[in-house]
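Have a look at the structure below, then the notes.
The values are calculated or read from the model by the stated rules, or taken from the named source; none is laboratory data. Since the model is a prediction, treat every value here as computed from it, not as a measurement. Cβ placement follows ideal geometry from the backbone for every residue including glycine, while neighbour counts extend to all protein chains displayed.
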Amino acid sequence: MRMRSILVLGLAVALGTGSVFLARQWVEGNTRVAGPSEPAVELTGVVVARVPLHFGNTLAEENLRVVRWPAETLPDGAFTSIEALLGGPDGESRVVLRGIEPGEPVLASKVSGFGGRATLSSIIADDMRAVTIRVNDVNGVAGFVLPGDRVDVILTRTPDRDQGVTDILLQNVKVLGVDQQASEKNDDPVVARAVTLEVTPVQAQKLTLGQTVGQLSLALRNVLNVDAAAARQVTLTDLGVPEPPKAEPEAASAPAPVVRAAPAGDGRPTVRVVRGLESSEQKVSSEPRGRAAPPAAVAPAPAPAPRLIPEPAPERAPAEPPPVLVPRGSDQVVQLSGT
């Protein structure tokens with residue numbers, strides 16, 4: 001029994017030794033078949049932020065560190081040493097102009113020059129403008145709009161007396177500052193009275209004109225959503241409110257008829273002569289007797305005359321009785337007897 005145990009143990013040792021030998025041979029064989037290893041990637045040093053850096057922060061050595069970075073993918077404007085970034089003449093330092101996250105390379109486009117200042121004009125992109133619009137706690141998204149956010153600008157106006165309309169004036173506009181705050185390090189909501197936006201020159205004109213014709217409001221966008229949405233005008237009809245009836249235009253009143261004044265009389269008295277069933281009117285001449293009178297004219301209906309003072313009648317044909325004359329300035333109807 002004891003001899004059998006010794007034999008089994010010896011056999012196990014032999015098998016184990018053989019297995020190790022065979023495994024070693026197999027590994028060495030595969031190593032010889034494999035091709036040459038790839039060349040090592042060339043690395044270089046690059047300065048990155050150790051902590052979050054915000055607009056206006058002064059760069060200091062304790063906020064920076066150097067990491068190994070593939071030389072082929074080194075960003076333009078990166079610094080390869082902290083000394084090159086901070087070694088300004090006369091101890092002058094740089095300030096941050098755009099936010100830098102931890103581990104992000106510090107680029108020359110995101111920091112000022114030596115002795116530079118953090119001004120709003122230094123962070124405006126090329127060919128862009130900064131325009132400020134007035135807001136309140138409602139149309140300013142209750143203070144949740146912060147520097148660096150993206151917003152849409154909405155214009156509400158009333159072109160007619162009772163019909164209001166709303167249009168999306170601008171989309172995907174960057175917020176540069178809220179009131180006098182341009183730093184992105186403050187994440188707390190602040191009820192602002194003014195918001196400064198980064199826009200093109202034409203957009204700046206639209207904003208300025210929009211403030212004079214209506215009310216501007218802001219709509220906060222997702223920072224990853226940069227696509228412009230199809231926009232249309234919204235009216236009271238879209239809210240289910242019927243349009244107010246339009247007033248009918250007033251009809252133009254007809255011009256009053258022109259009344260021509262009756263020609264003024266010549267001031268001579270008129271005598272109506274009645275012969276049987278016929279009557280006629282004649283003007284009595286104021287000239288001395290014997291001078292021919294002007295032709296008779298039709299005059300308006302005579303007014304009641306004062307007391308008549310008869311005058312000698314002019315000579316007439318024997319068949320006709322002489323008419324009765326009246327004083328100057330009066331009218332009188334004279335009844336003549338005749339055939």
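Taken over region 82-92, the criterion of being out of contact with any Phe, Trp or Tyr (no Cβ under 7 Å at 6 or more places or on another chain) and surrounded by 15 or more Cβ atoms within 10 Å (Cβ to Cβ) is satisfied by 82, 86.
Given the condition modelled with pLDDT under 85, closer than 20 Å to residue 180 by Cα and either assigned to a loop (DSSP other than H, G, I, E, B) or among the polar types (S, T, N, Q) (or both), answer yes or no: does some residue in region 109-116 qualify? Checked region 109-116: at least one residue is modelled with pLDDT under 85, closer than 20 Å to residue 180 by Cα and either assigned to a loop (DSSP other than H, G, I, E, B) or among the polar types (S, T, N, Q) (or both). The lone criterion from (1) under 30 Å from residue 233 (Cα atoms); (2) over 18 Å from the mean Cα position of the chain (by Cα); (3) at pLDDT 90 or above; (4) not aromatic (Phe, Trp, Tyr) left unmet by residue 142 is number (3).
Looking at 199, 173, which is the one that is touching a helix residue (DSSP H, G or I) at 6+ places or on another chain (Cβ under 7 Å) and modelled with pLDDT of 85 or more? Result: 199 is the single residue among 199, 173 that is touching a helix residue (DSSP H, G or I) at 6+ places or on another chain (Cβ under 7 Å) and modelled with pLDDT of 85 or more. When region 39-53 is filtered for residues that are of a type outside the set (D, E, K, R) and assigned to a loop (DSSP other than H, G, I, E, B), the ones remaining, listed by number, are 39, 40, 41, 51, 52.
At pLDDT below 90, outside any strand (DSSP E or B) and within 13 Å of residue 96 (Cβ to Cβ), is that true of residue 56? For residue 56, the condition - at pLDDT below 90, outside any strand (DSSP E or B) and within 13 Å of residue 96 (Cβ to Cβ) - is met. The single condition among (1) within 22 Å of residue 173 (Cα to Cα); (2) in contact (Cβ under 8 Å) with a residue 40 or more places away in the chain that residue 59 does not satisfy is (1). Counting only residues that are of a type in the set (S, T, N, Q) and part of a helix (DSSP H, G or I), region 65-102 holds 1 of them. A residue that is in contact with a helix residue (DSSP H, G or I) (Cβ under 9 Å, 6 or more places away or on another chain) and part of a loop (DSSP other than H, G, I, E, B) cannot be found anywhere in region 21-38. Of all residues in region 122-145, those that are on the phi < 0 side of the Ramachandran plot have Cβ atoms under 6 Å from Cβ atoms of residues that are surrounded by 14 or more Cβ atoms within 10 Å (Cβ to Cβ) and of a type in the set (Ser, Thr, Tyr), 6 or more apart or on another chain, in 130/196; 132/196; 139/217.
This table checks each residue for (1) of a type in the set (D, E, K, R); (2) in contact with a strand residue (DSSP E or B) (Cβ under 7 Å, 6 or more places away or on another chain); (3) in contact (Cβ under 8 Å) with a residue 24 or more places away in the chain.
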| site | (1), (2), (3) |
| --- | --- |
| 8 | no, no, no |
| 12 | no, no, no |
| 55 | no, yes, yes |
| 76 | yes, no, yes |
| 88 | no, no, yes |
| 92 | yes, no, no |
| 96 | no, yes, yes |
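Out of all the residues in region 99-121, which are surrounded by 15 or more Cβ atoms within 10 Å (Cβ to Cβ) and hydroxyl-bearing (Ser, Thr, Tyr)? Scanning region 99-121 gives a single hit, 112. State all residues of region 157-175 that are touching a Leu at 6+ places or on another chain (Cβ under 8 Å) and either surrounded by 19 or more Cβ atoms within 10 Å (Cβ to Cβ) or hydroxyl-bearing (Ser, Thr, Tyr) (or both); if no residue qualifies, say none. 166, 169, 170, 173, 175 - these are the residues of region 157-175 that are touching a Leu at 6+ places or on another chain (Cβ under 8 Å) and either surrounded by 19 or more Cβ atoms within 10 Å (Cβ to Cβ) or hydroxyl-bearing (Ser, Thr, Tyr) (or both).
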